[in-house]
1. Rg and Dmax in Å for segment B:254-489, alpha carbons only: what are they?
2. Given R₀ = 41 Å, FRET efficiency for residue A:241-residue B:488 by Cβ-Cβ distance, to 0.05?
3. Given the convex hull of the Cα atoms of segment B:393-436, what is a quarter of its surface area in nm²?
4. Multiply the residue separation of residue B:16 and residue B:46 by 0.36 nm, subtract the distance between their alpha-carbon atoms, and state the gained length in nm to one decimal.
5. If you consider only alpha-carbon coordinates, what radius of gyration and Dmax does segment B:47-243 have, in Å?
6. Considering the convex hull of the alpha carbon atoms of segment B:1-72, report its projected area averaged over all viewing directions, in nm², one decimal.
7. Loop by DSSP (not H, G, I, E, B), at most 10 other beta-carbon atoms within 10 Å: where is the longest site-free stretch of chain B for trypsin sites (Lys or Arg not before Pro)?
8. Using the Cα gyration tensor of segment A:247-295, with a ≥ b ≥ c the square roots of its eigenvalues, what is the shape: rounded (a/c below 1.5), prolate (a/b larger than b/c) or oblate (neither)?
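Derivation of every value follows stated rules applied to the coordinates shown; laboratory data play no part. Keep in mind it's a predicted model, so treat the numbers as computed, not measured. Cβ: placed from backbone, ideal geometry, glycine included. Neighbour counts: every protein chain shown.
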Amino acid sequence: MITRKKPEKFRLRRTMMFMNAQKPALIKDAYIYGSDSIILDLEDAVAENQKDAARFSLYYALKNIDYGDTEVLVRINGLDTPHWQEDIRCVVAGGADGIRIAKCESAADVKAVEEHVLMAEREFGVEEGRTLLMAALESPKGIMNAYEIVTASERIFGCAISGGDFRKSMHVQIEKGGIEMLAARGQMLLAARAAGVQCFDTMFPNIDDMEMFQEEVIQNRKMGFDGKSIVSPKQIRFVHDTFAPTPKEIAYAEKLVRSFEEQTDSGVGVYTVDGKMVDIPFFEDARRVIALAKACDVYHGDL
Amino acid sequence: MKNAVNRDIPEMLLTNGKEVYQGKHYMDGKYIKKDSPRSCRHVKPQESKICASIQEACEKCGAHDGMTFSFHTEFREGDYVAAMVARVLVEDMGLKDITVAATSLGNAQSNIAEYIEQGKIIGVQTSGVRGKIGEVISAGKLMTPAIIRSHGGRPRAVEAGEVHIDIAFLASASSDCCGNAKGVGGKNNCGSMGFAIHDAYYADHTVIVTDTLVDFPNLPSSISCIDVDCVCVVDDIGDAAKISTKEARMTDNPRELMMAEQVADVIAATPYFKNGFSFQTGVGGPSLAVNRFLEDHMVNQGIKMGFALGGTSSAICKLQDKGLVEHILDTQDFDQGAIEHIFKHPGHHEISLSEYANAGNKGAYVNKLDYVVLSALEIDTAFNVNVITGSDGILRGAPGGHPDTAAGSKCCIIVTPLTRGRMATVCDKVVTVTTPGDCVDVLVTDYGVAVNPLRPDLIQCLEEAGIKHVTIEELRDKAYSLVGTPDTLTWEDEVVAIVEARDGTILDVVKKIKPFTVE
């Protein structure tokens with residue numbers, strides 16, 4: 001029986017790959033592709049009359065497959081269904097790292113899930129507070145309430161927008177350039193950063209259109225996302241490459257960190273590097289870049 | 001007697017100077033006395049060499065009991081000619097004690113399995129056995145052990161006189177009345193005739209079998225009329241649908257793509273990846289997809305491939321059309337795109353199996369190969385590869401150019417999933433060694449990469465490039481943890497096939513299978 005180590009609330013989550021929890025051939029070794037997280041899906045990927053079968057498949061996968069350092073999350077059914085409570089029992093009993101709350105619209109939704117997670121942790125003798133949560137925002141209401149949602153529980157490590165449902169409720173289609181979700185993405189990012197949690201973009205559904213996928217990933221990074229939901233292993237490498245700091249960014253961050261250490265010793269607060277004025281927030285961001293570069297395995301310096 | 005890959009070779013096979021495998025360069029520098037054909041002189045001018053039937057051609061060439069007949073398999077599963085000729089020899093002419101020397105044998109020749117069972121065909125020398133023929137040989141029904149040779153081992157054995165071909169029946173897409181023949185210009189085209197060319201030089205008699213007779217002279221030709229005794233025109237030499245697909249399909253399987261990408265990354269991390277490098281890959285699953293990922297590395301680094309070798313598909317032809325490949329040295333064509341490309345691009349050349357891979361000549365093209373990407377049915381912790389016997393011990397595969405390219409190349413990469421169904425691909429001991437471990441350098445699986453400890457230089461390259469790798473034992477353990485450790489196979493004592501190393505020494509033997517019984 002596999003016992004997973006205690007999940008880390010903040011860790012590298014560039015890619016979160018969805019897969020149907022009911023398909024043993026998919027989930028038996030999903031970690032080999034190298035996505036940071038996998039999301040075993042009990043919700044939309046599983047037919048209504050197969051929910052129970054999927055829970056069994058999920059539970060035995062969690063208990064028998066060593067996913068190693070790959071984070072294992074489970075997307076549970078929405079709170080408007082009869083399934084979500086049993087889903088939570090299955091996830092907690094199996095020892096998954098966390099739960100993705102589908103169609104989350106309010107702090108009350110998060111608290112309801114949290115309450116059942118705690119009950120399940122007690123029921124199955126799992127360390128209380130071990131199971132993490134993330135919120136999938138799939139409606140205008142969810143986006144409007146993003147801040148209260150991500151601050152509703154200590155277990156919440158982040159939120160993600162779910163484009164499929166969201167676009168339908170906004171009467172828009174997926175557009176080149178992403179204008180149809182620009183405001184929602186922006187608002188969710190603000191809420192997440194304000195709350196100090198991570199923020200993830202929706203999956204890109206058209207697996208064969210690599211060009212548009214890549215444009216979207218590049219935009220995601222420019223907007224400040226931490227990562228992205230994906231639906232195919234083919235999408236992993238580009239996201240990882242795009243979210244990793246570039247050699248130029250790393251070099252600049254290194255320069256900042258080193259110069260700051262020197263300046264601090266001589267008691268100067270604000271100064272210039274490469275002709276640009278810098279102060280403490282620059283230093284903090286530079287440290288973040290170096291840490292991310294290390295996590296992405298692209299840092300080879302000695303800081 | 002144990003050989004260099006630790007296989008016990010029965011002493012009874014070590015006669016007439018036959019030796020056991022002693023390492024990949026054991027025969028280097030040794031001399032060979034070449035065999036020569038006993039050729040019939042055609043002095044008196046003749047209008048045509050066309051015969052009314054295959055039987056007439058056989059009679060003209062003096063076909064009789066005990067002879068060795070050869071066929072090539074450029075038409076693969078779509079070939080009609082080998083089966084057609086075998087039927088004439090056995091059923092119409094009543095010949096017996098026949099030896100078949102083919103470049104491969106499979107489902108298209110399954111009547112040969114019947115003739116083996118009837119005792120009419122008593123010897124088989126081939127580079128591959130699939131389907132029913134493999135089953136009857138494994139059941140011990142062939143009178144003498146089959147001899148399995150690589151694509152390079154076959155012309156070596158022919159030149160050494162270890163197999164002397166009495167009559168070569170060479171299917172050709174087009175021919176003129178005197179036997180200038182080629183793999184294009186007909187209704188069933190195969191492109192390169194690389195598998196057939198060498199037989200025409202060494203066989204006592206050569207019969208061209210075609211379904212498209214063209215005006216004399218059919219030039220440029222792959223086989224010259226000066227080596228041809230007879231020409232037979234038949235309705236169809238093959239089934240076009242089974243000869244080749246329109247375009248070898250690039251896999252869309254994420255697992256195969258991931259492995260292909262990893263292979264390309266390994267290649268790009270090694271020092272031979274520079275302008276003018278040479279490369280060969282197969283057409284199956286992840287192997288073919290390597291082309292796609294390699295292209296990215298070539299473009300990024302601004303380098304071109306000097307030559308691509310061996311079996312050819314559209315993928316490599318397209319790279320050549322983009323100016324990324326200088327030369328293609330082509331032994332067989334896997335799809336219509338390659339067949340149409342071969343004689344059109346000035347850098348796309350047809351080469352014979354001897355030029356390709358023969359370890360008995362003065363240096364085949366495989367010796368100039370930087371990289372080869374190959375698959376495997378099994379690979380063991382000594383990096384020995386099996387591509388010939390299934391997990392049940394039955395013959396069902398073909399070494400083809402596997403052992404030759406592995407031995408010749410600077411970097412041989414095996415790409416295979418860690419498990420296939422319930423079978424562990426990485427194992428303690430392969431059922432049959434077809435490519436010795438001293439020729440294999442890197443293993444890429446869906447669960448990780450392992451480098452042969454014989455190549456510390458490559459280990460260092462991977463580490464410098466940040467490519468993670470593990471030991472092959474770790475991969476084996478992972479495989480066994482997933483599918484369980486299989487029981488060892490049990491065999492009868494009778495040897496049903498001899499696996500020859502490319503240099504003519506004995507690499508392994510295949511024994512008669514023991515019928516499975518439930519206790």
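1. Gyration radius and largest Cα-Cα distance of segment B:254-489: 17.2, 53 Å.
2. Efficiency, from the Cβ-Cβ distance: 0.35.
3. 3.8 nm²
4. Going from the current span to full extension adds 6.5 nm.
5. In order Rg, Dmax, the Cα atoms of segment B:47-243 give 15.3, 49 Å.
6. Mean projected area for segment B:1-72: 9.1 nm², to one decimal.
7. With a cap of 10 other Cβ atoms within 10 Å, the longest stretch comes to B:42-245.
8. It comes out prolate by the Cα gyration axes.
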